[in-house]
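Trainee: Quick one: the structure is below, questions incoming.
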Amino acid sequence: MYSHILVTVAYDEGHNAAPSLAAAKTLLAPGGRITLLHVMEPAPVFALSYLPAGWRDEMRSAIEADLAELAADIETASVVVAEGDAAHEVLEHARAQGVDCIVIASHRPGTQSLLLGSTAAKVVARAQCAVHVIRRGAAA
């Protein structure tokens, strides 16, 4: 059982945070807390001039609202939206906040890793705490 679990939430095609949240609730120690984290990666430089003013703030607000809805039934939950490289931000947040378990879904395996998606693989390789990997398509 873990006292502080970080659940990563991705908004790629077909995302479903339910399996990750179910795992986190199962792994959580009584009195423990869960943090839902989404990392907004930078928009490509070539696209910036095509995006409307305030798009990033609107996106952040929408993501925060969705995370809050996902966390609504978890009494000790909090939500965080960070910006930057996903793996780096997940690892830095876990370190800075004393997280003892990261729950991360494995998405779109590619040539970088045949078993895990690249972000999940980086987190597993570098985390200083336990990491629980949820396979895409896992039952809730």
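Trainee: Starting from the stretch 31-58, keep only residues that are under 24 Å from Ala94 (Cα atoms) and modelled with pLDDT of 90 or more, then list their pairs with residues that are in a loop (DSSP other than H, G, I, E, B) and small (Gly, Ala, Ser) whose Cβ atoms are within a distance under 6 Å, requiring at least 6 positions of separation or different chains.
Mentor: Leu36/Ala71
Trainee: Further question: Just wondering, is there one or more residues in the stretch 31-54 that are surrounded by fewer than 13 Cβ atoms within 10 Å (Cβ to Cβ), assigned to a strand (DSSP E or B), out of contact with any Ser or Thr (no Cβ under 7 Å at 6 or more places or on another chain) and of a type outside the set (A, V, I, L, M)?
Mentor: Checked the stretch 31-54: at least one residue is surrounded by fewer than 13 Cβ atoms within 10 Å (Cβ to Cβ), assigned to a strand (DSSP E or B), out of contact with any Ser or Thr (no Cβ under 7 Å at 6 or more places or on another chain) and of a type outside the set (A, V, I, L, M).
The values are calculated or read from the model by the stated rules, or taken from the named source; none is laboratory data. Note that the structure is predicted; figures quoted are calculated from it, not measured. Positions of Cβ are backbone-derived with ideal geometry, glycine not excepted, and every protein chain shown enters the neighbour counts.
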